[in-house]
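No lab work stands behind these numbers, since they all come straight from the coordinates. Please read all numbers here as calculations on a predicted model, not as lab measurements. Cβ coordinates were reconstructed from backbone atoms using ideal geometry, including for glycine residues, and neighbour counts include every protein chain displayed.
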């Protein structure tokens, strides 16, 4: 396995963005690098694809999805045994090229199966990769149960918002509970009522199966909103932090629109 310096250099040369430091001091790879190392599978609109991991040593898997610029609309379920779905989520992304979906799903006590259904129309296919959390894919001991900063408790029925500066290219969201079910809606907004990405999440045990995802936040005016859709008896713990930062961003760069990626005064264009 490459050492820390080699991985840091590879991340910097490959993405042009500052790498994200995980709680254990290692670096996790971006969704684009997973696509480069794993051959994506095209899932046509209305079809279903499954990935099975029989080994109990696989404690988490990476799920990444993207499109060619069209909307992304999918259902993701974790199957463990007959008629047992301990985790499921509904994902919508306005533009699957600008904002590819990237998440980690906890898979304790195998065998486990990830079922991905493209619920969009036939004209909206998507590309997906599901890979086990191994040293070749991510940090050798990625911890989904430790927050980088002080987390925030969100009571049932409440919501919290997290605004970010334009220099933040992506945001990390980590959710868990004290062992109770986890029901939440994660939204990425860019302007008033302008929702760019939505994830509706259910987990039967937020301590045994926490949820970790990375949301791409190109442009300015990005706000992450987390809603605890459960009742007041089921609080959740949330940590939302900047994941990657564009070090070459200029505060004097003109903003032509909330969803623009053009940079007239920045040193480099990243997309």
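Using Cα-Cα distances under 8 Å and only pairs 6 or more residues apart, what relative contact order does the stretch 4-245 have, in percent? Mind dumping the intermediate values first?
Working: 632 pairs, mean separation 59.0, N = 242.
Across the stretch 4-245, relative contact order equals 24 percent.
By how many nm would the segment from residue 153 to residue 42 grow when fully extended, if each residue of separation counts as 0.36 nm and the alpha-carbon distance is taken off?
Numbers: separation 111, 0.36 × 111 = 39.96 nm, distance 3.81 nm.
Using 0.36 nm per residue and subtracting the Cα-Cα distance, I get 36.2 nm.
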Q: Could you order peptides 112-125, 85-98, 211-224 by the average number of other Cβ atoms within 10 Å of their residues, highest first?
A: 211-224, 85-98, 112-125
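How do 39, 180 rank when sorted from fewest to most other Cβ atoms within 10 Å of their own Cβ? Could you put the intermediate results ahead of the total?
Values: 39 8, 180 17.
Neighbour counts put them in this order, fewest first: 39, 180.
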Q. Nearest 0.05, what FRET efficiency do residue 121 and residue 52 give at R0 = 30 Å with Cβ-Cβ as r?
A. 0.65
**Q.** For the stretch 4-245, the spread of Cα positions along each principal axis, largest first, Å
**A.** 45, 39, 37
(Q) What is the distance in Å between the Cα centroid of the stretch 70-111 and that of the stretch 189-209? (A) 12 Å
Q | Likely footprinting exposure, 75, 178, 169, fewest C-beta neighbours within 10 Å first | A | 178, 75, 169
Q) Got a sec? How would 201, 159 order by Cβ neighbour count within 10 Å, fewest to most? A) 159, 201
